[in-house]
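Structure first, then comments.
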Amino acid sequence: MDIPQIADKRIEQFPDQSVCAALQAEFRKQLLSIADWWQENTLDQAYGGFFGEVSVIGTPTPEADKGVVLNARILWFFSELCLYLGGGESAARYRPLADRAFHYFVERFDDKIHGGAVWSVNGQGRLVDGTKKTYAQAFSIYALSSYYRLTNNKAALDKALSYFELIEKHCVDPDLGGYWEALGRDWLPVEDVRLSEKDMNAPKTMNNHLHIMEAYTGLYRVCKSGAVEKALRNSIEWFCEKIFDGGSGHLRLFLDRNWEDISKGFSYGHDIEASWLLAESLEELGDPGFDSRFSDCILALSDSCLREGMGADGQVLDTYDFSLQIRHRESEWWVQAEAMVGFLNAWQLTDDARYRDAFLKVWLFVKNHQIDGECGEWFYYSTLDHTRGEQPYKAGFWKGPYHNGRAMMEVCRRLQSLGLSENKDKADRNYEIVG
């Protein structure tokens, strides 16, 4: 039973147990394919860690700078993959990559002088940019927390907590709340706080707050301290009350220090990603009061993406531009990955067939236009947008195994739950039921 047959002829039977099993087999196969590509193509045997960039056909660029975000995402992915696989030969195959990523991270990205994680090193591991971008500290916490779950290595948890304390000490706006976008290596203010060249130079951003909430959720999973709980609560409140726009159902992308919106558009990918990450944060916090206050945001974000962000071929489009009043057609790999989880989560919460259908259609699109069946992994842009020769790197500063690898694991867990029981409200996060 292949996926087109499921989507086109038997969609009404989902979540029939046999359909769930067929889908789960495909997602698991793709998960291991992603892991194998990273294992086979990205290890830097000369200077340690992982190459900073690998081309669309698998050719490394040894001299490329190595970014902390990519390396944290690699650490997170292989830690979570081993947890997901639950031991045995399969997990043992990938455990050395989690260990490799952890040791390189601590050796090269951990700032031994000022604390926190530096932004980038060169191909040989020497410091290039020591800026303390809050987004990078968040991904570091996210990764270190997962590695601690895998290994019980207290050094990983201690490091995660030290980064957490630095964020809370230096990056919180003491007057109006929220997190500053970036500081200098010494944790003092800097003029240019942009995450990348395509971003606005704004002191507060959606992207930063989303991934702090995500990171604090991961940290709270392994450390139920009062300080972490308080910070997780703050991150949820700021995200839902300051960044989520109840009128449009979208997220405000860039804000000034007073929380005034200065955005130039919407991001459909971030809307749908935030919908399920918020659901995960609320679930981990386990506070019915917070659920009642903020759970409506989950479906509002899911609905705005479904209503406005879908392309003609079943994909989720990139952004909406306010000035041009157009939807940008390009389909990036991470948007499709997050859309599958977001739509499946929305369907689990509502039983609304529109979300079920959207989930299956995005997976069809990924199979047909995003996965590189010849060289492995996923194209940065879909093949409807760019030919193979026009594609950016397969691995690089902004592209790791985090979005698509996480989506494969998350969907498998949810499909397993759907196939085994009538309770479809939550994904199983104990990992043991997945063989």
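Mind checking which of Leu306, Asn404, Leu127 is farthest towards the positive end of the range 13-414's charge dipole, using Cβ charges of +1 (Lys, Arg) and -1 (Asp, Glu) about the Cα centre? Projecting each Cα onto the dipole axis, the largest value belongs to Leu127. 3J(HN,Hα) couplings calculated from phi for the range 333-350 with the Karplus curve 6.51 cos²θ - 1.76 cosθ + 1.60 (θ = phi - 60°) are, in sequence order, 4, 5, 5, 5, 4, 5, 5, 4, 5, x, 6, 5, 4, 5, 5, 4, 7, 10 Hz; Gly and Pro show x. Each of the peptides 89-97, 407-415, 312-320 was scored by the mean count of other Cβ atoms within 10 Å over its residues; in descending order, highest first, they stand as 407-415, 312-320, 89-97.
Considering the zone a paramagnetic label at Lys112 would reach in this model (a point 7 Å from Cα along the Cα-to-Cβ line), which residues of the range 120-135 have amide N under 14 Å from it? Backbone N within reach: 126-127.
With the simple model of a label 7 Å out from the Cα in the direction of the Cβ, Asp16 to Asp261 spans 4.4 nm. Each residue of the range 67-84 is assigned a 3J(HN,Hα), and the resulting list reads x, 5, 5, 4, 5, 5, 5, 5, 4, 4, 4, 6, 5, 5, 4, 5, 4, 5 Hz, derived from the Karplus form 6.51 cos²θ - 1.76 cosθ + 1.60 (θ = phi - 60°), x at Gly and Pro. Residues whose amide H comes within less than 5 Å of that of Phe50, counting only those at least five positions distant or on another chain, are Asp44 (H built at 1.01 Å from N in the peptide plane).
When a/c is below 1.5 the answer is rounded, else prolate if a/b is larger than b/c, else oblate, so apply that to the range 226-370 with a ≥ b ≥ c taken from the square roots of the Cα gyration tensor eigenvalues. It comes out oblate by the Cα gyration axes. Listed cross-link partners Lys133/Lys367; Lys133/Lys361; Lys112/Lys230 are compared with a 31 Å cut-off, the Cα-Cα value being larger for Lys133/Lys367; Lys133/Lys361.
The length gained by stretching the chain between Asn201 and Lys154 to full extension, at 0.36 nm per residue less their Cα-Cα distance, is 13.2 nm.
Which of rounded, prolate or oblate describes the chain when judged by the alpha-carbon gyration tensor and an a/c cut-off of 1.5? Rounded shape, in that the Cα axes give a/c under 1.5.
Full extension of the segment from Asn122 to Thr383, taken as 0.36 nm per residue of separation minus the current Cα-Cα distance, would add 90.8 nm.
The Cα atoms of the range 255-320 give a gyration tensor whose axes a ≥ b ≥ c have a/c of 1.5 or more with a/b no greater than b/c, which makes the shape oblate. Taking 7 Å steps out from each Cα toward its Cβ at Glu63 and Ser90 produces label points 4.2 nm apart. In sequence order, the range 254-259 has phi-based couplings of 10, 9, 7, 5, 8, 6 Hz under the Karplus curve 6.51 cos²θ - 1.76 cosθ + 1.60, θ = phi - 60°, and Gly or Pro positions carry x. Distance between the 7 Å Cα→Cβ label points at Asp296 and Glu237: 1.9 nm. For Val190, the residues whose amide H sits under 5 Å from its own are Gly184, ignoring neighbours fewer than 5 places away on the same chain, with H placed 1.01 Å from N. Charged side chains reduced to their Cβ positions (Lys and Arg at +1, Asp and Glu at -1) give the chain a dipole of some 820 debye around its Cα centre.
For the range 142-300, the Kirkwood estimate of hydrodynamic radius, built from reciprocal distances between every pair of different alpha carbons, is 16.3 Å. Amide H contacts under 5 Å for Lys133: Leu183, restricted to partners 5 or more places along the chain or on a different chain, H placed in the peptide plane at 1.01 Å from N. When the pairs Lys224/Lys264; Lys29/Lys66; Lys66/Lys159; Lys169/Lys198 are compared against a 32 Å limit on Cα-Cα distance, Lys224/Lys264 fall above it.
The peptide list 288-298, 65-75, 362-372, 118-128, put in order of mean Cβ contacts within 10 Å with the highest first, becomes 65-75, 362-372, 118-128, 288-298.
Of the GluC sites (Glu not before Pro) found in the range 251-358, those in coil by DSSP whose Cβ has at most 12 other Cβ atoms within 10 Å are Glu260.
Extension gain, Arg194-Glu168: 0.36 nm per intervening residue step, less the Cα-Cα distance, totals 7.4 nm.
Computed from the coordinates by the stated procedures, all read-outs in this text should not be read as laboratory data. Just so it is clear, the model here is predicted, and its values are computed rather than measured. All Cβ positions, glycine included, derive from the backbone under ideal geometry; neighbour counts span all protein chains shown.
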